[in-house]
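The values are calculated or read from the model by the stated rules, or taken from the named source; none is laboratory data. These numbers come from a predicted model, not from an experiment. Virtual Cβ from ideal backbone geometry, glycine too; neighbours counted across all protein chains shown.
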Amino acid sequence: MDNSSIGFFSRWARRPWYWFWKALEARQYRGREYSLQVPFGRRVHTPWFAKPDGSLFSEALSVAQEGGYVSQSPDRAYLLCRMVQHASLLGGDLAECGVFRGGSAHLMAETLARLGGTGRQLHLFDTFCGVPDFADAKRDYHRAGDYGNTSLDAVQARLAAYGGQCRFHPGVIPESFSGIDLGQRFSLVNVDVDLHPTTLACCHWFWPRLVPGGVMIFNDYGFFPYRNSTRLAVDTFFMKHPEEPIILPSGQAMVIKTNSWSDRGVAGCSC
């Protein structure tokens, strides 16, 4: 049995745990401002579980959930919303690589709109037809065609209310980057592409174009199945830079660009 088959069966074997956790979360965590921290047993502040309070996060998440499927767990959605808020204080556009059905893109667009992000664009990169055929299940955990239950038309319809704020770039990364002006700058990039080569391509292309103080979020960095794909790509790239990934208990990692970074050659960057 190869690694991809083992991964398939292990996902099914974990389903009872997922069901148990969802039931526990709904009963003991949802609506609570302070929740039990696993595994330490402390009660900690968890605003992502708190009752809807009219805050930027709760309102933006509610709109995104009303629009359709949102794959992000509440804690991951909370970080993404707060990083959009951070990015709104900087120059440059925002981007998401790996859009799937548009749940997190919807959250980002709604947050940006509520912050008055007129003129800021959210660039969305995806094949919009599933994982590309160069996926290696032994390395990347996913096979070609996974996440294929989406389409460009469906995501465009979901985000139609935001008009020109959302700019779509269908195709395979890094080829789909060709539609962006080489001098374009970014303040936030959410990377959720899962595969090693595409994660590495995102690092090479976006990092030189990130403004000082800008952030790259790597959605699946900390999860065990992605240790040889997302994590390896991120660690390999940032070994050559002074900034290091900040590892979060949500499974995400983020890297904040410092003012010390030299942006020389961005306009002509061929990476």
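Assorted remarks:
- Count of the stretch 11-35 residues, restricted to those that are small (G, A, S) and either touching a residue at least 12 places away in the same chain (Cβ under 8 Å) or surrounded by 12 or more Cβ atoms within 10 Å (Cβ to Cβ) (or both), is 2.
- Test: V38 is of a type in the set (A, V, I, L, M, F, W, C) and either in contact (Cβ under 8 Å) with a residue 60 or more places away in the chain or surrounded by fewer than 18 Cβ atoms within 10 Å (Cβ to Cβ) (or both): yes
- Matching residues in the stretch 202-229 - criterion: being among the aromatic types (F, W, Y), in a helix (DSSP H, G or I) and modelled with pLDDT of 95 or more: W205, F206, W207, Y226
- Within the stretch 230-257, if we keep just the residues that are of a type in the set (S, T, N, Q) and either under 26 Å from V38 (Cα atoms) or in the same structural domain as Q37 (by TED's automatic domain parsing) (or both), the residue that is modelled with the lowest pLDDT turns out to be S250.
- Across the stretch 191-242, the number of residues qualifying as surrounded by fewer than 19 Cβ atoms within 10 Å (Cβ to Cβ), under 19 Å from F134 (Cβ atoms) and under 14 Å from the mean Cα position of the chain (by Cα) comes to 0.
Here's the yes/no breakdown for (1) free of Cβ contacts under 8 Å to residues at least 60 places away in the same chain; (2) under 21 Å from C81 (Cα atoms); (3) among the basic types (K, R):
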| position | (1), (2), (3) |
| --- | --- |
| A135 | no, no, no |
| R143 | no, no, yes |
| R158 | no, yes, yes |
| I173 | no, no, no |
| G179 | yes, no, no |
| N190 | no, yes, no |
| C202 | no, yes, no |
| G213 | no, yes, no |
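- Only one of the numbered conditions (1) of a type outside the set (F, W, Y); (2) in a helix (DSSP H, G or I); (3) in contact with a Pro (Cβ under 9 Å, 6 or more places away or on another chain); (4) surrounded by fewer than 24 Cβ atoms within 10 Å (Cβ to Cβ) is violated by I173, and that is (2).
- Lone qualifier among R101, R43 - being loosely packed, with under 14 Cβ neighbours inside 10 Å, touching a Phe, Trp or Tyr at 6+ places or on another chain (Cβ under 6 Å) and not polar (S, T, N, Q): R43
- For the stretch 127-170, a tally of residues being part of a helix (DSSP H, G or I) and surrounded by 15 or more Cβ atoms within 10 Å (Cβ to Cβ) returns 9.
- At least 3 residues being outside the structural domain of L195 (by TED's automatic domain parsing) and either more than 30 Å from V211 (Cβ to Cβ) or at pLDDT 90 or above (or both) is the threshold, and among the helices (runs of 4 or more DSSP H) wholly inside the stretch 1-120 those reaching it are 3-24.
- For the stretch 230-259, residues that are in a helix (DSSP H, G or I) and under 20 Å from V99 (Cβ atoms) total 3.
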